[in-house]
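Read through the structure below, which is laid out as structure tokens, and then see the notes.
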Amino acid sequence: MVAMYSVGTESLIKQARDIGEVELQKFYSRITKQLTAREHSHDVIDSLQRLHLILAGCKEDLSALSSLLLRSLEGRAAESPSPTQTLGLTHCLPIVNTVITYSPDSLTEDHVIFLSKKLVEWLRYASLQQGMSSSGGFFASPRIRQPGTVAELDGCVCGDFFTVLCVSPSFSEDQWMNLYSFSLLRHWLITYHNGTDGNTSTDTEDRSEVDGSVVSMVSATSSSSRVLPPKERLREKSLEYCQRLVEQSDRKALKRADTELQKACLVEAVCILDSVCLGDPGFVYRAFPCVKALFGRLSSDLSYSRVLLPIAQFYLNHGETAAVDSECVWRCVWGVLPAECFNQPFLAHEMLTFIRANQLLLKTSVPLYSRYFPNLLKFLAWDSPSLVSDYLDVLPSLVTTGTALELLHSLLDLPCLTAALTLQLRYVSDCLIIMIQIFSLGDTIDRLSVLHDLLMEAADWPRVVQSAQSVPVLLHVYFNTITTVTHTHAHFCSHNHHPSLVVDQSRELLEFAGITANVHSKEELYTHVVWVLGEYLSVSSDPRCSVDLVTSCFEALEAVLFEVTSSGCPSPRVVTSLLSTLAKLASRSHDLIPRVSLFLSKLRSGAISWCHSEEDVVAIVTRGEELWSLLKLPSVALSVLTPPLVVTTPSWHGDTNTALPPRLRSLTSLTHTPLKHN
């Protein structure tokens, strides 16, 4: 085994990838004999470690190996393993984990059911007695003390079932399998337990009824009174295990290392609870009180910042199902963590991983998300070289109509933020007082020179220079995002405030709309520009709009429509927008009606080979029929497609020249005047 690690890891992985088929079969045969032997020597460990590397080299057909590994686990189930066999068992589960990473389909349904049962056994029913110590050697005393009970991290005797947070001078084989099972559990649930358990078979070995030596406080309210299918039973025991870990994490650990272990186990426990609830939403109502109480306990302790992100993920996935208010969680995650822990690289990486994985859900479900961009930018300001690539993905989700302008200023000021954060850590008290005076007390202008003097010192610091170098690429992404969201549409069409802009900028708009490539690369913006041209390029919007301008616009859009429908599969949304705009323009210049009617008649005849979706075909043909019918009556088409201002912005309720206001006033007087009785 020493020789195996005498070269670099990269070289070993390269050897694993280059292994030939014949050599691989010989290796499989050798490890098969080793695993099926009654005793496992240290050579088995060497072989399993080599196998792990070979699997990491993405070999595809692992079905035979999967069966072999599970048979090895099954064959040891009824035996009392020797220490060498224990070594083999504890190394088998990591190999199984690697197998399901690279080839999850190599496990059959029977394999999944079998290992789900074994995981229940290892997780929930490990012994509470300390393992036998192998120390002492040949001269050890013949009197062997009986092993005691494992302890909690605070030194108390364990009063519930064994978990990864129990301590002992040495562990038994089933306790080791408990630890390995916990490390495998989340991956297993995500891979094989997403969905309800369709297996109707029952597990006849419900050891919760057989093993009465320990009564679990956690499982007292569980469904152990009924026999569950294997997958559901594993979810049940996973829930109990994680609830037990949450309870154990509240104990005061005697060793600092154990405190860090508590934090790591809490992260994993909350992630497992999330996986259990994703697999079966029925568990949400049982898991949420535990997660909610955990957040209440940890939210004010920044040393547990890593645990807060999995809690936030749980709230994001299941908060709506449980009908709970999540605002306090987001105020902590977006407000407190970046402000106080911006200089923690591991937290920054996990925060950005969380945002990247949930961007769409955050934009739609968490209104507070984009408002906290000033805090989120602190991670970037502190460590821009490592994080700029992540922020290129995250930045578009922060751009909204409400944040766009302030976000632009924040990106331009990013080096200043870097300098301020650096100074804050170097001269905490003095810098903090000045920053509060400048930014919180409305003293910005008068004290701006003080701020500039402070920041001037940091202008050539490497961290500030690197931050400044990242700004151009961030601005590039920012402006690309601006052109693809609906800001342009909002500026042109919000309540018809400035329709004359279309005539003022007609040359630029027609140049953009006449480029066919924009249909595909900038579909969102292109659709809005086409709509704007059809809506406001008319005499009613601006008297300067001439027939020549309408004709130029029509011809440019007509050419694009013919090109996109003859050379590819255009977006139905773009096609219907072009058709509507061409019909509007033709209704304003009747000489153009025959040209657009010709294309519409082709649609009516079913000539839509460029559209492959039946639903899209129906939508396009329906729109074409409507426009064709309107254009047969030009005067009607003009009033419908370009309605007069009095129709689009009615004010009949305030117009004294119409009959409606007097009637309204008469009705009002009748309803407010008391009746007189004779």
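The values are calculated or read from the model by the stated rules, or taken from the named source; none is laboratory data. Computed from a predicted model, the values in this text were never measured in an experiment. Cβ atoms come from the backbone with ideal geometry, glycine included; neighbour counts cover every protein chain shown. SASA here: full protein model, heavy atoms, side chains in, ligands and nucleic acids out. Shrake-Rupley method; radii C 1.70, N 1.55, O 1.52, S 1.80 Å.
Note on ASN343 and SER389: the model spin-label points, each 7 Å out from Cα along the C-beta direction, lie 2.6 nm apart.
For CYS166, the accessible surface of its heavy atoms amounts to roughly 0 Å² (probe 1.4 Å, protein chains only, rounded to the nearest 10). Extension gain for the segment LEU360 to LYS632, taken as residue separation times 0.36 nm less the Cα-Cα distance, is 93.4 nm to one decimal. Translational diffusion coefficient of the stretch 241-333 (Stokes-Einstein, Kirkwood radius from Cα pairs, 37 °C, 0.692 mPa s): 246 µm²/s.
Say R0 is 35 Å: what FRET efficiency, to the nearest 0.05, do VAL336 and HIS476 get from their beta-carbon distance?
Details: r = 31 Å, r/R0 = 0.89.
FRET efficiency, VAL336 to HIS476: 0.65.
May I ask you to compute the full-extension gain from LYS33 to HIS187, defined as 0.36 nm times their residue separation minus their alpha-carbon distance, rounded to one decimal in nm? Present the calculation step by step, with values, prior to reporting the outcome.
On the way: separation 154, 0.36 × 154 = 55.44 nm, distance 2.88 nm.
So the chain would gain 52.6 nm between LYS33 and HIS187.
Report, to two decimal places, the Cα Rg of the stretch 310-355 normalised by 2.2 N^0.38 Å (N = number of residues).
Working: Rg = 11.6 Å, N = 46, 2.2 N^0.38 = 9.4 Å.
The value comes to 1.23.
Ranked highest first by average number of other Cβ atoms within 10 Å, how do 407-418, 462-473, 230-241 line up?
Details: 407-418: 18.7, 462-473: 16.2, 230-241: 24.0.
Packing order, densest peptide first, comes out as 230-241, 407-418, 462-473.
Count Lys and Arg as plus one, Asp and Glu as minus one, and take only other residues whose Cβ is under 11 Å from that of VAL307; the net charge is then 0. Accessible area ranking (1.4 Å probe, heavy atoms, ligands and nucleic acids excluded), largest first, for LEU62, LEU638: LEU638, LEU62.
Measuring with a 1.4 angstrom probe and ignoring ligands and nucleic acids, GLU457 comes out at about 90 Å² accessible. May I ask you to list the residues of the stretch 609-636 whose amide nitrogen lies under 17 Å from a point 7 Å from Cα along the Cα→beta-carbon direction of SER566? Counting backbone N atoms under 17 Å from the label point, the list is 609-611.
For the stretch 539-611, relative contact order (Cα pairs under 8 Å, six or more residues apart, normalised by length) works out to 35 percent. Taken along the Cα-to-beta-carbon direction at a fixed 7 Å, the label points for VAL618 and THR101 span 4.8 nm.
Please give the length that would be gained between GLN129 and SER601 if that part of the chain were fully extended, namely 0.36 nm times their separation in residues minus their C-alpha to C-alpha distance (nm, one decimal).
Working: separation 472, 0.36 × 472 = 169.92 nm, distance 8.52 nm.
So the chain would gain 161.4 nm between GLN129 and SER601.
The residues packed around TYR372, meaning those with a beta-carbon under 14 Å from its beta-carbon, carry a net charge of +1 if Lys and Arg are +1 and Asp and Glu are -1. At 1.4 Å probe size, with the rest of the protein present, what percent of the exposed accessible area of the stretch 227-272 is carbon and sulfur atoms? Carbon plus sulfur share of accessible area: 52 percent. With bins 10 Å wide beginning at 0, the percent of Cα pairs of the stretch 233-294 falling in each bin runs 23, 52, 21, 5. When the surface is traced with a 1.4 Å probe over the full set of protein chains, TRP628 keeps roughly 60 Å² accessible.
Taking 28 Å as the straight-line reach from the Cα of LYS252, the lysines in range (excluding those fewer than 8 positions away in the same chain) are LYS237, LYS263, LYS292.
Here the stretch 327-431 was treated as a single set of alpha-carbon atoms; its pair distances binned every 5 Å from 0 give 2, 12, 23, 26, 21, 10, 4, 1, 0 percent. The H on the amide N of THR149, modeled in the peptide plane, is under 5 Å from the matching H of GLN130, each at least 5 residues off or on a different chain.
Can you give the alpha-carbon Rg of the stretch 496-600 over 2.2 N^0.38 Å, where N counts its residues?
Expressed relative to 2.2 N^0.38 Å, the Cα Rg reads 1.00.
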